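Heads up: the structure comes next, in structure tokens.
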Amino acid sequence: MGSIGLEIADGVAVLTVDAPDVRNALTPAMGRELADACDTVDADRSVGAAVIRGANGAFCSGADRRTWNPGADQAEDSAFRDTGAVYGAFRRVGTLAVPTIAAVRGPAVGAGLNLMLATDLRVVARDARLLAGFLRIGLHPGGGFFTIAHRTAGREATAAMGLFGEEIDGTRAAEIGLAWRAVADEDVDDTALALAAVPAKDPDLAREAARSFRTEIGPPGLPWDAAVEFERATQMWSQRRRGTQ
């Protein structure tokens, strides 16, 4: 039901979310695989940067809802662990030892938007579709969305996307600071790789710089780990509620 690809060349690791049937939606198994790939990157001291991308012209359309059971007890052990595997995946991306770039084409929705926001920098296609989407499907935001969106785009954009379901394209994302650069769809990967090549020239320095950057910048306020758990209980309530409406 999908896989995570990992390629390393010239000091740059490229992690690819690949589930073509569902526009690269994440399953719990893929979340665990992504976390394992991050461990591999961190252990390879020749790597100085990482690019996170999706296969076949799409970034990530969210969590794979084929693996959901909305009416199930979300506090039951296996369900709780599976949700945590998806959340843990983009949290793990956010703690990679190297500078990270999201190369975003097509949709980045729900958990996919969280995965995009987990990186240090974003390059997006001008026609990319960026959407939190949680409230549209009767679900409370999860994964610390409010915290990681706010640290990147500020209060207004976080409210618009998280509370009011606003969808934006890549051009708008760059205008409001949610992305560093919006380019033509066919140029996204090459632009991200060119940016990654700079820190990749000196992996040891890149890792130290990434550590300092994240320590100094934050996010402030509620720590991300705490935000994940803070949102999780209410999201579990909202998911169970979907099964009864």
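The values are calculated or read from the model by the stated rules, or taken from the named source; none is laboratory data. Fair warning: this is a prediction, and the values are worked out from it, not measured in the lab. No Cβ is skipped: glycine too gets one built from the backbone with ideal geometry, and neighbour counts run over all protein chains shown. Surface accessibility is based on the protein's heavy atoms, side chains included, excluding ligands, DNA and RNA. Shrake-Rupley method; radii C 1.70, N 1.55, O 1.52, S 1.80 Å.
Some points to look at:
- Qualifying residues in the range 99-133 (those that are in contact with an Asp or Glu (Cβ under 8 Å, 6 or more places away or on another chain) and open to solvent by 20 Å² or more (accessible area, probe 1.4 Å)) - the one nearest to Gly88 (Cα to Cα): Pro99
- Candidate set from the range 160-197 (those that are in a strand (DSSP E or B) and touching a strand residue (DSSP E or B) at 6+ places or on another chain (Cβ under 6 Å)); member that is surrounded by the most Cβ atoms within 10 Å (Cβ to Cβ): Ala182
- The one condition from (1) aromatic (Phe, Trp, Tyr); (2) open to solvent by less than 80 Å² (accessible area, probe 1.4 Å); (3) farther than 22 Å from Leu26 by Cβ that Phe145 does not meet is (3).
- Test: residue in the range 227-239 that is modelled with pLDDT under 95, under 19 Å from the mean Cα position of the chain (by Cα), of a type outside the set (S, T, N, Q) and open to solvent by 60 Å² or more (accessible area, probe 1.4 Å): yes
- Of all the criteria given as (1) at pLDDT 95 or above; (2) aliphatic (A, V, I, L, M); (3) open to solvent by 30 Å² or more (accessible area, probe 1.4 Å), the one not satisfied by Met1 is (1).
- If you go through the range 5-15 and keep only what is open to solvent by less than 20 Å² (accessible area, probe 1.4 Å) and either assigned to a strand (DSSP E or B) or touching a Cys at 6+ places or on another chain (Cβ under 7 Å) (or both), you end up with Val12, Ala13, Leu15.
- Within the range 159-173, the presence of a residue that is at pLDDT 95 or above, of a type in the set (D, E, K, R) and closer than 22 Å to Ala49 by Cβ is excluded.
- Answer residue from the range 16-35, given it is of a type in the set (A, V, I, L, M, F, W, C) and in a helix (DSSP H, G or I) and is most open to solvent (accessible area, probe 1.4 Å) among those: Ala29
- Looking only at residues in the range 212-224 that are surrounded by 13 or more Cβ atoms within 10 Å (Cβ to Cβ) and assigned to a helix (DSSP H, G or I), the one that is modelled with the highest pLDDT is Arg214.
- Flag if Arg136 is in contact (Cβ under 8 Å) with a residue 24 or more places away in the chain, out of contact with any Phe, Trp or Tyr (no Cβ under 6 Å at 6 or more places or on another chain), assigned to a helix (DSSP H, G or I) and open to solvent by 30 Å² or more (accessible area, probe 1.4 Å): yes
- Residue match in the range 62-74 (condition: at pLDDT below 95, under 19 Å from Glu33 (Cα atoms) and hydroxyl-bearing (Ser, Thr, Tyr)): yes
- Of the residues examined, Ala184 is not one that is in contact with a helix residue (DSSP H, G or I) (Cβ under 7 Å, 6 or more places away or on another chain) and of a type outside the set (D, E, K, R).
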